[in-house]
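Worksheet for the structure shown next.
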Amino acid sequence: MIDTVIISGGNIQNGFALDFLKKRIKEGGRESLALVAADSGMEWFMRNREFIPDLAVGDFDSLSEEGKKYMESLNGLKIIRLKPEKDDSDTQSAVNHMISEGSREILILGATGTRLDHVLANLGLLSMGREKGVHIALADQWNYITLVDSGTVLKKEEQFGKYVSFFTVGGDVSGLTLKGFKYPLDGYDLTVADSGLTVSNEIVSETAEVTYDRGSLLMIMSRD
(Lines give C-alpha, C1' and ligand atoms only; values in the text may rest on other atoms or scores of the structure.)
Protein backbone atom coordinates (compact mmCIF):
# COMPACT_ATOMS: atom_id res chain seq x y z
CA MET A 1 0.00 0.00 0.00
CA ILE A 2 1.16 3.52 -0.79
CA ASP A 3 2.60 5.10 2.36
CA THR A 4 3.65 8.47 0.91
CA VAL A 5 2.08 10.89 -1.56
CA ILE A 6 4.21 13.77 -2.79
CA ILE A 7 2.39 16.65 -4.47
CA SER A 8 4.69 18.40 -6.92
CA GLY A 9 4.10 21.55 -8.93
CA GLY A 10 3.27 20.04 -12.32
CA ASN A 11 0.03 18.96 -13.95
CA ILE A 12 -2.65 18.00 -11.40
CA GLN A 13 -6.29 17.42 -12.29
CA ASN A 14 -7.99 18.31 -9.04
CA GLY A 15 -10.80 15.77 -9.17
CA PHE A 16 -8.39 12.93 -9.88
CA ALA A 17 -6.10 13.88 -6.98
CA LEU A 18 -9.01 14.28 -4.55
CA ASP A 19 -10.57 10.96 -5.52
CA PHE A 20 -7.28 9.14 -5.17
CA LEU A 21 -6.47 10.56 -1.73
CA LYS A 22 -9.97 9.95 -0.38
CA LYS A 23 -9.87 6.33 -1.57
CA ARG A 24 -6.39 5.72 -0.11
CA ILE A 25 -7.33 7.25 3.26
CA LYS A 26 -10.55 5.23 3.36
CA GLU A 27 -8.57 2.03 2.78
CA GLY A 28 -5.68 2.62 5.16
CA GLY A 29 -6.44 5.62 7.33
CA ARG A 30 -4.88 9.10 7.34
CA GLU A 31 -2.36 8.19 10.04
CA SER A 32 -0.70 5.64 7.74
CA LEU A 33 -0.19 8.12 4.90
CA ALA A 34 2.45 10.86 4.72
CA LEU A 35 1.44 13.88 2.62
CA VAL A 36 4.30 15.99 1.28
CA ALA A 37 4.30 19.30 -0.61
CA ALA A 38 7.27 19.71 -2.94
CA ASP A 39 7.74 23.46 -3.44
CA SER A 40 4.76 24.85 -5.39
CA GLY A 41 2.84 21.64 -4.67
CA MET A 42 1.79 23.62 -1.60
CA GLU A 43 -0.57 25.56 -3.89
CA TRP A 44 -2.65 22.39 -4.27
CA PHE A 45 -2.95 21.99 -0.51
CA MET A 46 -3.92 25.65 -0.21
CA ARG A 47 -6.80 25.05 -2.67
CA ASN A 48 -7.85 21.82 -0.95
CA ARG A 49 -7.64 22.58 2.76
CA GLU A 50 -9.29 19.36 3.87
CA PHE A 51 -5.85 17.80 3.30
CA ILE A 52 -3.03 19.15 5.48
CA PRO A 53 0.55 18.27 4.47
CA ASP A 54 2.90 16.72 7.00
CA LEU A 55 6.00 18.11 5.31
CA ALA A 56 6.98 20.85 2.85
CA VAL A 57 10.28 20.65 0.96
CA GLY A 58 11.77 23.17 -1.45
CA ASP A 59 13.45 26.47 -2.05
CA PHE A 60 9.91 27.79 -2.63
CA ASP A 61 10.99 30.08 -5.46
CA SER A 62 7.95 29.05 -7.50
CA LEU A 63 5.49 29.27 -4.58
CA SER A 64 3.22 32.32 -4.62
CA GLU A 65 3.24 34.82 -1.79
CA GLU A 66 -0.22 33.61 -0.82
CA GLY A 67 1.08 30.05 -0.81
CA LYS A 68 4.00 31.02 1.40
CA LYS A 69 1.67 32.69 3.88
CA TYR A 70 -0.55 29.63 3.95
CA MET A 71 2.44 27.35 4.50
CA GLU A 72 3.66 29.47 7.40
CA SER A 73 0.18 29.42 8.95
CA LEU A 74 0.06 25.63 9.29
CA ASN A 75 0.74 24.60 12.87
CA GLY A 76 2.97 21.57 13.22
CA LEU A 77 4.07 21.55 9.59
CA LYS A 78 7.69 20.49 9.15
CA ILE A 79 9.42 22.69 6.57
CA ILE A 80 12.73 21.81 4.92
CA ARG A 81 14.09 24.89 3.18
CA LEU A 82 16.55 24.25 0.38
CA LYS A 83 19.02 26.60 -1.24
CA PRO A 84 18.05 27.68 -4.78
CA GLU A 85 21.47 26.54 -6.02
CA LYS A 86 21.31 22.76 -5.52
CA ASP A 87 22.03 19.52 -7.32
CA ASP A 88 18.60 17.93 -6.79
CA SER A 89 15.14 19.07 -7.82
CA ASP A 90 12.68 19.91 -5.06
CA THR A 91 10.76 16.73 -5.82
CA GLN A 92 13.90 14.60 -5.66
CA SER A 93 14.84 16.17 -2.35
CA ALA A 94 11.38 15.34 -1.03
CA VAL A 95 11.72 11.74 -2.24
CA ASN A 96 15.17 11.36 -0.67
CA HIS A 97 13.97 12.71 2.65
CA MET A 98 10.96 10.40 2.77
CA ILE A 99 13.10 7.38 1.89
CA SER A 100 15.39 8.30 4.78
CA GLU A 101 12.27 8.40 6.97
CA GLY A 102 11.33 4.86 5.97
CA SER A 103 8.91 5.29 3.05
CA ARG A 104 8.71 2.23 0.79
CA GLU A 105 5.74 2.97 -1.52
CA ILE A 106 5.76 6.51 -2.93
CA LEU A 107 3.30 8.05 -5.39
CA ILE A 108 4.08 11.43 -6.94
CA LEU A 109 1.25 13.62 -8.23
CA GLY A 110 2.04 16.72 -10.27
CA ALA A 111 5.18 15.14 -11.75
CA THR A 112 4.03 15.60 -15.35
CA GLY A 113 3.23 18.75 -17.29
CA THR A 114 4.60 21.14 -19.88
CA ARG A 115 8.21 21.19 -18.60
CA LEU A 116 9.68 18.12 -20.28
CA ASP A 117 12.99 18.60 -18.48
CA HIS A 118 11.18 18.23 -15.16
CA VAL A 119 9.21 15.24 -16.44
CA LEU A 120 12.41 13.44 -17.48
CA ALA A 121 14.03 14.26 -14.15
CA ASN A 122 11.00 12.81 -12.36
CA LEU A 123 11.13 9.65 -14.48
CA GLY A 124 14.69 9.22 -13.25
CA LEU A 125 13.34 9.01 -9.70
CA LEU A 126 11.81 5.63 -10.54
CA SER A 127 15.26 4.11 -11.10
CA MET A 128 16.69 5.88 -8.06
CA GLY A 129 13.94 4.39 -5.93
CA ARG A 130 14.52 0.89 -7.25
CA GLU A 131 18.22 1.12 -6.38
CA LYS A 132 17.16 1.89 -2.79
CA GLY A 133 14.50 -0.80 -2.61
CA VAL A 134 11.63 1.68 -2.82
CA HIS A 135 8.73 1.52 -5.26
CA ILE A 136 7.94 4.89 -6.84
CA ALA A 137 5.18 5.74 -9.30
CA LEU A 138 4.08 8.89 -11.09
CA ALA A 139 0.43 9.52 -11.89
CA ASP A 140 -1.86 12.06 -13.48
CA GLN A 141 -5.43 11.79 -14.69
CA TRP A 142 -4.28 10.13 -17.92
CA ASN A 143 -1.24 8.02 -16.99
CA TYR A 144 0.22 5.77 -14.30
CA ILE A 145 3.98 5.33 -14.73
CA THR A 146 6.32 2.96 -12.89
CA LEU A 147 9.04 0.35 -13.28
CA VAL A 148 7.82 -3.24 -13.25
CA ASP A 149 9.72 -6.25 -11.95
CA SER A 150 9.87 -9.53 -13.81
CA GLY A 151 6.96 -11.68 -12.67
CA THR A 152 4.57 -8.77 -12.25
CA VAL A 153 0.91 -9.82 -12.52
CA LEU A 154 -1.63 -7.20 -13.61
CA LYS A 155 -5.34 -7.62 -12.88
CA LYS A 156 -7.67 -6.37 -15.58
CA GLU A 157 -10.22 -5.17 -13.03
CA GLU A 158 -7.58 -3.04 -11.30
CA GLN A 159 -5.80 -1.55 -14.30
CA PHE A 160 -5.48 2.23 -14.43
CA GLY A 161 -6.49 2.63 -18.07
CA LYS A 162 -7.23 0.72 -21.25
CA TYR A 163 -3.72 0.87 -22.69
CA VAL A 164 -0.50 -0.61 -21.32
CA SER A 165 2.86 0.30 -22.86
CA PHE A 166 6.38 -0.85 -22.06
CA PHE A 167 9.74 0.83 -22.65
CA THR A 168 13.35 -0.06 -21.95
CA VAL A 169 15.24 2.01 -19.39
CA GLY A 170 19.03 2.29 -19.44
CA GLY A 171 19.57 -0.44 -22.03
CA ASP A 172 17.88 -3.41 -23.67
CA VAL A 173 15.42 -5.74 -21.96
CA SER A 174 16.09 -9.36 -22.87
CA GLY A 175 13.65 -12.26 -22.87
CA LEU A 176 10.50 -10.13 -22.54
CA THR A 177 7.35 -12.26 -22.33
CA LEU A 178 3.85 -10.80 -22.19
CA LYS A 179 0.97 -13.15 -21.38
CA GLY A 180 -2.70 -12.23 -21.23
CA PHE A 181 -2.24 -9.26 -23.56
CA LYS A 182 -3.84 -8.50 -26.91
CA TYR A 183 -0.35 -8.49 -28.42
CA PRO A 184 1.66 -11.18 -26.59
CA LEU A 185 5.41 -11.62 -26.71
CA ASP A 186 7.54 -14.68 -26.00
CA GLY A 187 11.17 -14.19 -25.03
CA TYR A 188 11.58 -11.03 -27.12
CA ASP A 189 14.72 -8.88 -26.80
CA LEU A 190 13.35 -5.34 -26.62
CA THR A 191 15.63 -2.47 -27.61
CA VAL A 192 15.19 1.30 -27.54
CA ALA A 193 15.06 1.31 -31.34
CA ASP A 194 12.01 -0.96 -31.58
CA SER A 195 10.14 0.06 -28.45
CA GLY A 196 7.21 1.12 -30.62
CA LEU A 197 6.38 -2.57 -30.69
CA THR A 198 5.20 -2.43 -27.09
CA VAL A 199 3.08 0.74 -27.21
CA SER A 200 -0.70 0.70 -26.61
CA ASN A 201 -1.10 -2.96 -25.71
CA GLU A 202 -4.26 -4.12 -23.92
CA ILE A 203 -5.02 -6.68 -21.21
CA VAL A 204 -7.48 -9.25 -22.58
CA SER A 205 -7.45 -11.88 -19.81
CA GLU A 206 -8.49 -11.54 -16.18
CA THR A 207 -4.79 -11.33 -15.34
CA ALA A 208 -1.72 -10.54 -17.43
CA GLU A 209 1.89 -11.41 -16.61
CA VAL A 210 5.14 -9.62 -17.46
CA THR A 211 8.44 -11.49 -17.26
CA TYR A 212 11.93 -10.82 -18.58
CA ASP A 213 15.47 -12.03 -18.07
CA ARG A 214 17.55 -8.85 -17.81
CA GLY A 215 17.16 -5.11 -17.96
CA SER A 216 14.85 -2.46 -16.58
CA LEU A 217 11.29 -2.10 -17.87
CA LEU A 218 9.08 1.00 -17.67
CA MET A 219 5.31 0.54 -17.75
CA ILE A 220 2.81 3.27 -18.63
CA MET A 221 -0.89 2.59 -18.15
CA SER A 222 -2.89 5.18 -20.09
CA ARG A 223 -6.47 6.20 -20.74
CA ASP A 224 -7.98 8.62 -23.23
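The values are calculated or read from the model by the stated rules, or taken from the named source; none is laboratory data. Note that the structure is a prediction, hence the values are computed from the model and not measured. Note that we place each Cβ from the backbone using ideal geometry, even for glycine, and neighbour counts take in every protein chain shown. Note: areas computed on protein heavy atoms with side chains; ligands, DNA, RNA excluded. Shrake-Rupley method; radii C 1.70, N 1.55, O 1.52, S 1.80 Å.
Some notes on this structure:
- Hydrodynamic radius (Kirkwood) for segment 132-173, which is based on Cα pairs only, to one decimal in Å: 12.2 Å
- Set 22/156; 23/182; 26/182; 22/162; 26/162; 132/162 screened for pairs whose C-alpha atoms are more than 28 Å apart: 23/182; 26/182; 132/162
- Rounded, prolate or oblate (a/c below 1.5 giving rounded, otherwise prolate when a/b exceeds b/c) for segment 164-218 by Cα gyration tensor: prolate
- Once the Cα-Cα distance is subtracted from the 0.36 nm per residue extended length, the residue 205 to residue 81 segment shows a gain of 39.8 nm.
- The peptide list 147-156, 56-65, 73-82, put in order of mean Cβ contacts within 10 Å with the highest first, becomes 56-65, 147-156, 73-82.
- The alpha carbons of segment 1-136 occupy a box of 39, 37, 28 Å along the principal axes, longest dimension given first.
- Cross-link reach is defined here as a Cα-Cα straight distance under 13 Å, omitting same-chain residues fewer than 8 places apart; for residue 83 the aspartates and glutamates meeting it are 39, 59, 61.
- For the listed peptides 169-181, 34-46, a ranking on the average number of other beta carbons within 10 Å per residue, highest first, reads 34-46, 169-181.
- Estimated purely from DSSP H runs of n ≥ 4, each contributing -39500 (n - 2.57), the mean residue ellipticity at 222 nm for the chain is -8000 deg cm²/dmol once divided by its residues.
- Three-way shape call for segment 82-199 based on the alpha-carbon gyration tensor, with the a/c threshold at 1.5: prolate
- The chain - share of DSSP beta bridges that are antiparallel (%, nearest 5): 60 percent
- Accessible area per residue for the chain is 50 Å², calculated with a 1.4 Å probe on protein heavy atoms, without ligands, DNA or RNA.
- Segment 107-224, accessible surface, carbon-and-sulfur percent (1.4 angstrom probe): 52 percent
- Computed packing ranks the peptides 87-99, 16-28 as 87-99, 16-28, most packed first, by mean other Cβ atoms within 10 Å.
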